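The values are calculated or read from the model by the stated rules, or taken from the named source; none is laboratory data. Since this is a predicted model, take the numbers as computed values, not measurements. A quick note on method: Cβ atoms are made from the backbone with ideal geometry, for glycine too, and the neighbour counts reach across all protein chains shown. Heads up: the accessible areas ignore ligands, DNA and RNA and are worked out on the full protein's heavy atoms, side chains in. Shrake-Rupley method; radii C 1.70, N 1.55, O 1.52, S 1.80 Å.
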Amino acid sequence: MRHLLFATAALLSAPALAAPAATDWHAEGRAIYEHAITVPTVAGRGQTPALAAWLKERFAAGGLTDVVIKPYDGEAALILRWKAEGKPVKKPVLLLAHMDVVEAKAEDWSRDPFRLVEEGGYFYGRGTIDDKQGVTAITTALLRLKAEGFRPKRDIIVLFTGDEETDGKGADLAATEWRDLIDAEYALNADAGGGAKDEDGKMLGFVLQTSEKTYADYTFTVHNSGGHSSRPRPDNAIYELADGLKALAAYRFTPMLDDTTRAYFQERQKAEKGALGDAMRRWLANPEDGDAADAVEADPMEVGGTRTRCVATRLEGGHANNALPQSAVANVNCRIFPGVTPQAIEQELQAVAGPKVTVKLVGAPKYAGASPLTPEVLNAYTRTVHKRFPGATIIPKMEAGATDGLYLRAVGIPTYGVDGAWIVAPQDERAHGKDERMPVKAFYDELDHWRDLIAAVAG
């Protein structure tokens, strides 16, 4: 899941990175992008193996032949290794993106979602942002570097997964059963990070994603012996479930700060001079000030930034129109603050819902803390961003959603969202939605960004 959110912190100025003219590589990238968009890699259609096979052919044609395709559950992952010239000076670096996309129905869109359309300064199509631009940018960057004669000083590994938008099994398998193929010092994720401009074209800044919340589902269940609807009882399963859900709606988890979120809000408050900025400043000064944290959370752009959040997403109850319900069940979806266990949240939710409701964690979600702010990654990202946007603000960010990076962090591989694309906020926030689009200029900036970033960390 991709969230391109703007940032408000300046870090390092950067020297220019030498690179040849990229006109031809922009055309090559556009061709890869166009083909990728036309392959409907939606869950259930079985098309990620086809896209993986096509990409493998493109890599091979460019001289990168150490590529394996790993089939699983009707999907596929692609793993590439470009070995270092001579003895590696460091452990490998892993480049991460996903080939699958969320479903898009033609009748809901203004254009064919599975055809790349260039119109009005935008590329339209499902996956133009999430995340076929990432797949395209990494692919194009590696082909370009190979053609330029680049000689990596460490192994470069690529992992393109096939089910990030659904089960995340590809990333889970990579982190466990395929660990020897993808083990790296750290991972650079094209499915997170990035920048934004305002409606007047002013660059607002870039974020570097260092952590993300844990995705977890819980069931809220009430059982009852039921009876005839003509003889209502006070212990109605639906009513008791509703009481538990109303308690959840009113509940606020304890606000939390870690290194990433503290750095984020320290910089955000510098640009926020009104009530929102005042709330940020009060909370930073006193992390126990729940009212200030609530005021921050009330802003639509900051929801989820201060704590764990849980919300009811599905309901099921009763078995007949003329019978008292024998059961009522709700699904509650939580996005858990990094480092907090799903089991701890299960206990907290049970206390909130009360004794008449049984709360149960679904499955065994992966969870992890934040990746450390590694200077090598931070400096490389800053240099590549500043090459195109001198002085642009850059700030660490916790992702409220989830990406494949969670599975890597969970097994000790630090992962960073370092995408170089940008959007116009908020009108281009269309990932998973109707008429998803990417500014044409941002796409070509993205191609150059990944070429320079890979050269910086592997050269």
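In table form, for the structure just shown:
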{"item": "Carbon + sulfur, % of accessible area of the chain - ligands and nucleic acids excluded, 1.4 Å", "result": "51 percent"}
{"item": "Furthest towards positive pole of dipole, Ala431, Val385, Ala351, structure part the range 349-459, Cβ charges", "result": "Ala351"}
{"item": "Rounded accessible area of Asp299 (nearest 10 Å², 1.4 Å probe)", "result": "40 Å²"}
{"item": "Packing rank of 35-41, 322-328, 56-62, where each peptide gets the mean count of other beta carbons within 10 Å, highest leading", "result": "35-41, 322-328, 56-62"}
{"item": "Computed [θ] at 222 nm, helices only, for the chain once each DSSP H run of length n ≥ 4 contributes -39500 (n - 2.57)", "result": "-10500 deg cm²/dmol"}
{"item": "Probe 1.4 Å, protein heavy atoms only - accessible area per residue of the chain in square angstrom", "result": "41 Å²"}
{"item": "Amide H contacts of Ile423 (H built 1.01 Å from N, under 5 Å, at least 5 apart or other chain)", "result": "Gly195, Ala196, Lys197"}
{"item": "Taking the chain and dividing mean pair separation by its residue count, relative contact order in percent (alpha carbons under 8 Å, at least six apart)", "result": "27 percent"}
{"item": "Residues whose placed amide H lies under 5 Å from that of Ala192, excluding near-sequence neighbours", "result": "Val418, Asp419"}
{"item": "Phi to ³J(HN,Hα) by Karplus 6.51 cos²θ - 1.76 cosθ + 1.60 over the range 448-456, Hz, x for Gly, Pro", "result": "5, 4, 5, 4, 6, 5, 4, 4, 5"}
{"item": "Summed residue charge, Cβ within 13 Å of Thr382's Cβ, Lys/Arg positive, Asp/Glu negative", "result": "+1"}
{"item": "Packing-based ranking, highest mean first, of 280-288, 120-128 given that Cβ atoms within 10 Å are counted", "result": "120-128, 280-288"}
{"item": "Relative contact order (%) - the range 330-420, alpha-carbon pairs under 8 angstrom, separation at least six", "result": "30 percent"}
{"item": "Packing-based ranking, highest mean first, of 336-343, 203-210, 133-140, 250-257 given that Cβ atoms within 10 Å are counted", "result": "133-140, 203-210, 336-343, 250-257"}
{"item": "Cleavage-rule hits, GluC sites (Glu not before Pro), the range 182-264, DSSP coil, Cβ neighbours within 10 Å at most 14", "result": "Glu199"}
{"item": "Residue-by-residue Karplus 3J(HN,Hα) for the range 206-215, coefficients 6.51, -1.76, 1.60, Hz, glycine and proline x", "result": "10, 10, 10, 7, 10, 7, 8, 6, 7, 7"}
{"item": "3J(HN,Hα) from dihedral phi, the range 267-282, Karplus parametrisation 6.51/-1.76/1.60, rounded to Hz, x for glycine, proline", "result": "7, 4, 5, 5, 9, 9, 9, x, 4, 5, x, 4, 5, 4, 5, 5"}
